[in-house]
Amino acid sequence: MTGTFRARRVAYAAAGLVATLIFGTIGFHRYLHEPWLQSFYRSVVTASLSGLDTVPRNDGARIVTIVVVLAGLVLIGYVGAAIVEAIAGDAITGALAERRRQRAIRRLEDHFIICGYGRVGRRVAQEFRANDVPYVVLDFSEDARAAAREHGDLFIEGDGTEDEDLEKAGLNRARGLVASSDSDSDNLYITLSARSARPDISIVARATDEDAEKKLKLAGADRVVAPYSTAGRVMANLVLKPQVTAFLDVVTTAEGDDFLLEEIEVTPTCPQAGRTIRDLRVRDATGAIIVALRKSDGTFDTTPSPDERIEVGDVLIGVGTPQEIRALEDFFAPRAAVGP
């Protein structure tokens, strides 16, 4: 892209130079009645701003001279700008891109912070992108920077264990944090720092074993994921319950096109609060199905009956196609309060 743009700039400059010399040659030949070679020579000398061969003898030649001189000034300025851009273009472009990135990070609200952009962190980012969820990556390795640049991620070069770097990532405005470093100790420090600064933030951390999992929960992680044990459980289920596992993989992956699982919290301004599932006729209204209900006290009802009442603070687990899930979200969306 950059090479094509620079080649086009060179072509524009060459075309402008040729047009200027042709115009000057024809003009001088017409008004000064000089031979073509002498007219071309006068045009070159005038356009290059190296001086005038002789003072023009009439007004027509003077006008041609003025036009050629001005065109020469424009061409020299244009070529000079192209040379400066060729030398410092990458640095200037990089600085502008960095400023845009910083502004985008400062504008983030209700986003997620991914601390550690290895294999696990990149998979998390992939799911976030599929769900159109805003996030920023915090890592210090060159490999992570290259991967973030490849996917167009907002990236901060830093360490999640440092409070200053977490602040740069917008911790005070974030919705949640994922501690996905390859190091358990780093994830522990990240969790402690984030929980200390934001007691209300949602934190999901990675652990390599059960001991690290316990410590991360004590440090304040809301959820801890052990990739190796999770992978082992999935592999066992693929052998023992292949169809069930395949179904869950479809509905829990944001990139799936068939069915999705989604959670929806019932807010105080939701017009459906206080009514039963039977009264709401959710399936008829949206096409989605409520497969589970998490009550405000933390208990789960995995098979809610039609007479179950939906209360404020409950979290609905719905399953359906992407269109049905959107209809379900709209159905339980909060409504603006109407003033007196």
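Of all the numbered requirements in (1) over 24 Å from L248 (Cα atoms); (2) over 37 Å from the mean Cα position of the chain (by Cα); (3) open to solvent by 30 Å² or more (accessible area, probe 1.4 Å); (4) touching a residue at least 24 places away in the same chain (Cβ under 8 Å), R281 misses one, and that requirement is (4). In the condition set (1) in a loop (DSSP other than H, G, I, E, B); (2) exposed (fewer than 13 other Cβ atoms within 10 Å of the Cβ); (3) modelled with pLDDT of 85 or more, A333 is compliant with all but (2). The helices (runs of 4 or more DSSP H) located wholly in segment 129-214 that include 3 or more residues which are open to solvent by 50 Å² or more (accessible area, probe 1.4 Å) and more than 18 Å from R101 (Cβ to Cβ) occupy 184-197. Taking residues in segment 301-328 that are among the aliphatic types (A, V, I, L, M), and partners anywhere that are at pLDDT below 85 and open to solvent by less than 20 Å² (accessible area, probe 1.4 Å), the pairs with Cβ atoms closer than 7 Å and at least 6 places apart or on different chains are V319/V251. Beta carbons closer than 8 Å, at least 6 apart along the sequence or on distinct chains, pair a first residue in segment 71-84 that is in contact (Cβ under 8 Å) with a residue 60 or more places away in the chain with a second that is open to solvent by 60 Å² or more (accessible area, probe 1.4 Å) for L75/L17; Y78/Y12; A82/R6; A82/V10.
Looking across segment 217-241 at every residue that is β-branched (V, I, T) and closer than 30 Å to S196 by Cα, the one that is least open to solvent (accessible area, probe 1.4 Å) is identified as V224. From the set of residues in segment 1-32 that are out of contact with any helix residue (DSSP H, G or I) (no Cβ under 9 Å at 6 or more places or on another chain) and open to solvent by 90 Å² or more (accessible area, probe 1.4 Å), which is modelled with the highest pLDDT? If we take residues in segment 1-32 being out of contact with any helix residue (DSSP H, G or I) (no Cβ under 9 Å at 6 or more places or on another chain) and open to solvent by 90 Å² or more (accessible area, probe 1.4 Å), then R8 is modelled with the highest pLDDT. Just one of (1) closer than 26 Å to L261 by Cβ; (2) open to solvent by less than 10 Å² (accessible area, probe 1.4 Å); (3) without any contact (Cβ under 8 Å) to a residue 60 or more places away in the chain; (4) not in a helix (DSSP H, G or I) fails for A125. It is (4).
Considering only residues that are at pLDDT 85 or above, polar (S, T, N, Q) and either within 20 Å of A7 (Cβ to Cβ) or open to solvent by 30 Å² or more (accessible area, probe 1.4 Å) (or both), which ones fall in segment 39-93? Passing the criteria: none in range. Looking at segment 305-321 only, could you name the residues that are surrounded by fewer than 21 Cβ atoms within 10 Å (Cβ to Cβ) and touching a helix residue (DSSP H, G or I) at 6+ places or on another chain (Cβ under 7 Å)? Scanning segment 305-321 gives P306, D307, E308, V319. Cβ-Cβ contacts under 9 Å between residues 6 or more apart (or on different chains), taken from a first residue in segment 215-232 that is part of a strand (DSSP E or B) to a second residue that is open to solvent by 40 Å² or more (accessible area, probe 1.4 Å) and not aliphatic (A, V, I, L, M), are listed as R223/S202; R223/K217; V224/E213; V224/K214; V224/K217; V225/E213.
The values are calculated or read from the model by the stated rules, or taken from the named source; none is laboratory data. Predicted model only: the values in this text are computed from it and were never measured. Reconstructed Cβ throughout: ideal geometry from the backbone, glycine too, with neighbour counts over all protein chains shown. These accessible areas exclude ligands, DNA and RNA; they are computed on the full protein's heavy atoms, side chains included. Shrake-Rupley method; radii C 1.70, N 1.55, O 1.52, S 1.80 Å.
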